[in-house]
Amino acid sequence: MQTKILLDEEQIPKKWYNVQADLPSPLDPPLHPVTHKPVGPDDLSAIFPMDLIRQEVTTDRYVDIPEEVRDVLRLWRPSPLYRAHRLEKFLKTPAKIYYKWEGVSPAGSHKTNTSIPQAYYNMKAGIERIATETGAGQWGSALAFATMLYDLECTIYMVRSSYTQKPYRKSMMHVWGAECIPSPSTKTNSGRAVLEKDPETPGALGIAISEAVEDAATHANTNYALGSVLNHVCLHQTVIGLECKEQLAMVDDYPDVVIGCVGGGSNFAGISFPFAGDKLTGKHKDTDLIGVEPASCPSLTKGLYTYDFGDVAGLTPLMKMFTLGHDFVPPAMHAGGLRYHGDSPIVSRLVHDGVMRAVAYHQSEVFEAAQTFARTEGIIVAPETSHAVKSAIDEALACKQTGENKTILFNCSGHGNFDMTAYDAFYSGELVDYEYPDELIKQAIGRIPKIS
């Protein structure tokens, strides 16, 4: 009946796992936004330090984690793995449910797993300031924390709807010394262009990315940092899954199902990629890897697998991914961290190839699941995380019907302590289950650039 499975600080992974090494064929390369030719290191060096560029393109199976980074990770890593005994009992399921609790980080989510190394490599490269975007605020607060540690300035463009809904995330960023600006803003050309078309826009991650990239590209002392999607971000997050493998081995277990919510894909990648590697190499061929997204922003379940920009203005390289179209603006739902038009190229590739699969849920049902989780396990999760909770509950209930005693693992990626307005909306019946119309998705997809 062990509840917490704990590792010692010395068991923090010393290397990140790179799933690119185990893909049957290489990823399609990112393309230059103007020439549509494969992007090289020189194209990226204006906004990224060379160490991160190397990590973006490497196919080495393992990449060393600097000791200076591991020393900071000790503040919260290794994170605990919990066996959800009370949830299992409530559901009357024969399944075993485990969750990796990433809400113990200083910023309250998994995002610090990559904000620390990104700030570290920028500091080593002599960069003085970092610009970024954030949706619900988890990434913004994580980068604010990291840049504070390395004495870097930080400017964060926060999606306007989340800036309004989640004021205490903005406060966290201010506490750690960062500047937080609602996006779209009047500070950038891309922001002004969006506001000219729609002054009342709720904003979107694609818009905020345009602003942050433009900011970085027009200031010599500034680099850009991204909290999800890119290969090096997914790489940094694999500490989650690597720790899970060690923790489950301590209780002689291995997951039949691995689950994470998906916006850009970083926390799902973090928990699933080490298990995807086992699946790709034939060690555990039948593991079910499930990415969970909102029905209002269904990139994996309704998007097109093709090249597209990562931002609205078309400043980023074109990436081969599942996309709803770079100018797609989803409704202002409460899971702000999942409001992104595209997905990680690696996650997209694995879904396209059938190594992983995706499901989509509505707001009300994921908050119902979050309530069940809080009333059994005690943790109030972020709206984004509640999508993974919902899927885990569904998988456990399916086992109740079949009698299978599967082992289910999900990433409990962050706490909901600053998301009480979302829970208030749920209890007052104000949540709207919005499913983005297929016709509007078709129109947005129709505006994706054609790559010959």
>> With the condition being more than 25 Å from G137 (Cβ to Cβ), I'd like the helices (runs of 4 or more DSSP H) fully within the range 198-309 carrying at least 2 qualifying residues.
In response: 239-250, 266-280, 299-302
> Restricted to the range 248-273, and to residues that are surrounded by fewer than 24 Cβ atoms within 10 Å (Cβ to Cβ) and touching a residue at least 40 places away in the same chain (Cβ under 8 Å), which residue is nearest to the chain's Cα centre (by Cα)?
Replying inline: V257
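Would you check if T218 is without any contact (Cβ under 8 Å) to a residue 60 or more places away in the chain and either hydroxyl-bearing (S, T, Y) or open to solvent by 10 Å² or more (accessible area, probe 1.4 Å) (or both)? Can you show your working first?
Numbers: without any contact (Cβ under 8 Å) to a residue 60 or more places away in the chain: yes; either hydroxyl-bearing (S, T, Y) or open to solvent by 10 Å² or more (accessible area, probe 1.4 Å) (or both): yes.
Criteria met by T218.
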>> Could you tell me how many of the residues in the range 358-384 are within 17 Å of N411 (Cβ to Cβ) and touching a Leu at 6+ places or on another chain (Cβ under 7 Å)?
In response: 4
> Pairs, please: C-beta under 8 Å, at least 6 apart or cross-chain, first residue on the phi > 0 side of the Ramachandran plot and in the range 35-59, second surrounded by 14 or more Cβ atoms within 10 Å (Cβ to Cβ)?
Replying inline: H36/L318
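For the range 297-316, what are the residues that are of a type in the set (S, T, N, Q) and open to solvent by less than 10 Å² (accessible area, probe 1.4 Å)?
Keep residues of the range 297-316 that are of a type in the set (S, T, N, Q), which gives 299, 301, 306, 316.
Passing the criteria: only S299.
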> Any chance the range 103-118 includes a residue that's in contact with a Lys or Arg (Cβ under 8 Å, 6 or more places away or on another chain), open to solvent by 10 Å² or more (accessible area, probe 1.4 Å) and of a type in the set (A, V, I, L, M, F, W, C)?
Replying inline: no
> Could you say whether any residue in the range 373-382 is under 22 Å from S228 (Cα atoms) and either of a type in the set (D, E, K, R) or not in a helix (DSSP H, G or I) (or both)?
Replying inline: yes
> Restricting the search to the range 190-215, which residues are among the small types (G, A, S), closer than 12 Å to D311 by Cβ and open to solvent by less than 10 Å² (accessible area, probe 1.4 Å)?
Replying inline: G191, A204, G206, A208, S210, A212
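Conditions tested, residue by residue: (1) under 15 Å from G303 (Cβ atoms); (2) out of contact with any strand residue (DSSP E or B) (no Cβ under 9 Å at 6 or more places or on another chain); (3) modelled with pLDDT of 95 or more.
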{"position": "H341", "(1), (2), (3)": "yes, no, no"}
{"position": "R349", "(1), (2), (3)": "yes, no, yes"}
{"position": "H352", "(1), (2), (3)": "yes, no, yes"}
{"position": "M356", "(1), (2), (3)": "yes, no, yes"}
{"position": "V366", "(1), (2), (3)": "no, no, yes"}
{"position": "T376", "(1), (2), (3)": "no, yes, yes"}
{"position": "I379", "(1), (2), (3)": "no, no, yes"}
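Please work out if P38 is closer than 30 Å to H219 by Cα and either modelled with pLDDT of 95 or more or open to solvent by 20 Å² or more (accessible area, probe 1.4 Å) (or both). If you could, list the steps in order and put the result at the bottom.
Numbers: closer than 30 Å to H219 by Cα: yes; either modelled with pLDDT of 95 or more or open to solvent by 20 Å² or more (accessible area, probe 1.4 Å) (or both): yes.
It is true that P38 is closer than 30 Å to H219 by Cα and either modelled with pLDDT of 95 or more or open to solvent by 20 Å² or more (accessible area, probe 1.4 Å) (or both).
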> Any idea how many residues of the range 381-426 are open to solvent by 50 Å² or more (accessible area, probe 1.4 Å), at pLDDT 95 or above and touching a Lys or Arg at 6+ places or on another chain (Cβ under 8 Å)?
Replying inline: 3
>> So the check is Cβ under 7 Å with 6+ separation or different chains; which pairs have a first residue in the range 84-104 that's farther than 17 Å from G260 by Cβ and not assigned by TED's automatic domain parsing to the domain that holds G378 and a second one that's among the polar types (S, T, N, Q) and open to solvent by 20 Å² or more (accessible area, probe 1.4 Å)?
In response: none
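Condition first: in a strand (DSSP E or B), of a type outside the set (V, I, T) and over 17 Å from N221 (Cα atoms). Now tell me which residues in the range 137-181 satisfy that. Spell out the reasoning first.
Pass one, the range 137-181, residues in a strand (DSSP E or B): 153-159, 179-181.
Okay, now just the ones that are also of a type outside the set (V, I, T), so 153-154, 157-158, 179-180.
Y157, M158, C180, listed by residue number.
The values are calculated or read from the model by the stated rules, or taken from the named source; none is laboratory data. Quick caveat: nothing in here was measured; it's all calculated off a predicted structure. Every residue, glycine as well, gets a Cβ built from its backbone with ideal geometry; the counts of neighbours run over all protein chains shown. The protein model used for the area step is the full one, side chains on, heavy atoms only, and it has no ligands, DNA or RNA in it. Shrake-Rupley method; radii C 1.70, N 1.55, O 1.52, S 1.80 Å.
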